[in-house]
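The values are calculated or read from the model by the stated rules, or taken from the named source; none is laboratory data. Just so it is clear, the structure is predicted and the values come from calculations on it, not from any experiment. Areas reflect the complete protein model, heavy atoms only, side chains present, ligands, DNA and RNA absent. Shrake-Rupley method; radii C 1.70, N 1.55, O 1.52, S 1.80 Å.
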Amino acid sequence: MKFGGTSVGKPQRMHQVSQLITKDNDSKIVVLSALSGTTNSLVEISTHLSHGDKNAAKQTIDKLEAHYRDFVLELVKSETLRAKGNAVVSEHFEFLNIILRISFSDALYKDILAQGELMSTKLFSLYLEELGIDHVLLPALEFMSIDVNEEPQIGSIKVKLTQQLKQHKGKKIFITQGYICRNVRGEVDNLKRGGSDYTASLIAAAINASVCEIWTDIDGMHNNDPRIVNKTVAIEQLSFEEAAELAYFGAKILHPTCIWPAQQQNVPVKLLNTMQPDAAGTVITQEAGSVGVKAVAAKDGIIAIKIKSSRMLLAYGFLRKVFEVFEKYKTSIDMVTTSEVAVSVTIDNDVFLKEITRELEPFGTVEIDRNQTIISIVGNEIAETPDVLKKLFESIHEIPVRMVSYGGSHHNVSLLIPGDQKIKTLQLLNSGLFGL
Ligand code: ADP
Ligand code: ASP
Ligand code: MG
């Protein structure tokens, strides 16, 4: 069971979580995020430090500390536990105050980001102690790890986690931190923003759990982005592929890569609402359930690169050379379209854009378009569903579509549009494809 930031963001919510994890007698591992807003504040502190602005960093640290002091006061009532809670807060804020005096580095940045999950789990553990709920606090830094390519070390996670669990025979409730891990150098690292979902799925796969429940602040995966479109509805069932596609292409409810570990071990994933625990939520399994379009999602900040070359005509090996450039700079390509004289690809970060452009230039004219958005239309057997493409393009006829990708799989059509057209496109698709 994984509980996100909002689900642990208030003492009252921690109360709900305590009820949800004790509603049956099953053994469970409970993965917690940082309290909502904390990781953003930690990023803010780090940004100030990296700019050398210690005063601003100190102000953010003090504000965050005050928030945690109030939180402890409201969370636990006994003097002993309040003292323990305050000791936890002191320990972590002492660390944050010490870093004001040492030079900023990438390793330190990761250490700073880890404080949120370390505190939320310790405070929740104290709360369970007050309620007399027997549990074990498992340190994620002892079993969660990533390799040189920043990919989770599945084998080692399984071995280490199993060892940890073996030390607590007879215990039923284990609490651990989402998001944080160790890297190959043994330093504290993380699974990228939103990574607690990934932790949960990795754990579920490692122990072959009967289910991986992602508890959040909404009643499941919706058919469209509820932050942008007014009328959206929860989807009952998704296949692993559909869910992965939606997560990767912008549905914030799931971390982009969190589906595959559960999929590997065929562990069903459920998306549930902490604030509305009786809502059906979304079930993600091998089977798609129904045929047709299920949802749309949008991924911002996309860069389109077009390589135009008359030499591409009839030339074999051209695409390989182009793709090798991206491989060299560890930059993954999201969309590809080709014609006889040009190939267009999209990437989602500009870290090596200059180098990539320089190396592509010998192949032809290179054009770059920034601020693009990928709109992904996801469903089951879209190709076999009558009228989908017709309805899709009719509903967005006024939107200038830059690229279309279709046929790569049975469950996806992707469009590239200018970023400033995203809101309008999602709204048009909501009525055009879902009649909402
Ligand atoms: P948590 O802190 O629990 O991990 P997140 O904020 O990461 O929660 O994810 C939940 C949020 O994802 C929802 O509040 C919602 O605004 C947003 N969201 C974006 N797209 C979707 C979607 N298609 N379905 C459901 N929620 C979505
Ligand atoms: N606390 C981390 C973040 O805000 C991880 C998570 O919540 O999933 O990104
Ligand atoms: Mg999240």
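In the chain, carbon and sulfur make up what percent of the accessible area (probe 1.4 Å)?
Solvent-exposed carbon and sulfur of the chain make up 51 percent of the total.
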Work out, in µm²/s and without decimals, the Stokes-Einstein translational diffusion coefficient of the stretch 329-436 at 37 °C, 0.692 mPa s, Rh from Kirkwood over C-alpha pairs.
213 µm²/s
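What's the extension gain from Glu142 to Lys169 if we count 0.36 nm per residue and subtract their Cα-Cα distance? Don't skip to the end; give the middle numbers.
Values: separation 27, 0.36 × 27 = 9.72 nm, distance 1.79 nm.
Value of the extension gain: 7.9 nm.
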Can you list the lysines whose alpha carbon is less than 26 Å from that of Lys294, not counting same-chain residues fewer than 8 positions off?
Lys2, Lys231, Lys252, Lys270, Lys390, Lys391, Lys422, Lys424
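Taking only protein heavy atoms and a 1.4 Å probe, what accessible area per residue, in Å², does the stretch 329-387 have with all protein chains in place?
On the way: 2930 Å² over 59 residues.
For the stretch 329-387, the solvent-accessible area averages 50 Å² per residue.
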For the stretch 67-209, go through all pairs of different Cα atoms, get the mean of 1/r, take its inverse, and jot down that Kirkwood value in Å.
16.3 Å
If you count only protein heavy atoms with a 1.4 Å probe, what accessible area per residue comes out for the stretch 196-271, rounded to a whole Å²?
37 Å²
Which whole-number percentage describes the relative contact order of the stretch 6-85, with Cα contacts under 8 Å and a sequence gap of 6 or more?
26 percent
Three-way shape call for the stretch 187-243 based on the alpha-carbon gyration tensor, with the a/c threshold at 1.5:
oblate
Restricting to DSSP H runs of at least four residues, report the calculated mean residue ellipticity at 222 nm for the chain, -39500 (n - 2.57) per run over all residues, nearest 500 deg cm²/dmol.
-12500 deg cm²/dmol
Over all distinct alpha-carbon pairs, what is the Kirkwood Rh of the stretch 350-392 in angstrom?
14.0 Å
List the extent of the Cα atoms of the stretch 106-178 along each of their three principal axes, largest first, rounded to whole Å.
42, 27, 12
Average silhouette area of the chain, convex hull of alpha-carbon atoms, in square nanometres:
22.9 nm²
Rounded to two decimal places and with Rh computed the Kirkwood way over Cα pairs, what is Rg over Rh for the stretch 369-432?
0.95
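For the stretch 138-233, just say rounded, prolate or oblate: build the C-alpha gyration tensor, square-root its eigenvalues into a ≥ b ≥ c, call rounded for a/c under 1.5, and beyond that prolate if a/b exceeds b/c, oblate if not. Don't skip to the end; give the middle numbers.
On the way: a/c = 2.71, a/b = 1.58, b/c = 1.72.
Judged from the Cα gyration tensor, the stretch 138-233 comes out oblate (a/c at least 1.5, b/c at or above a/b).
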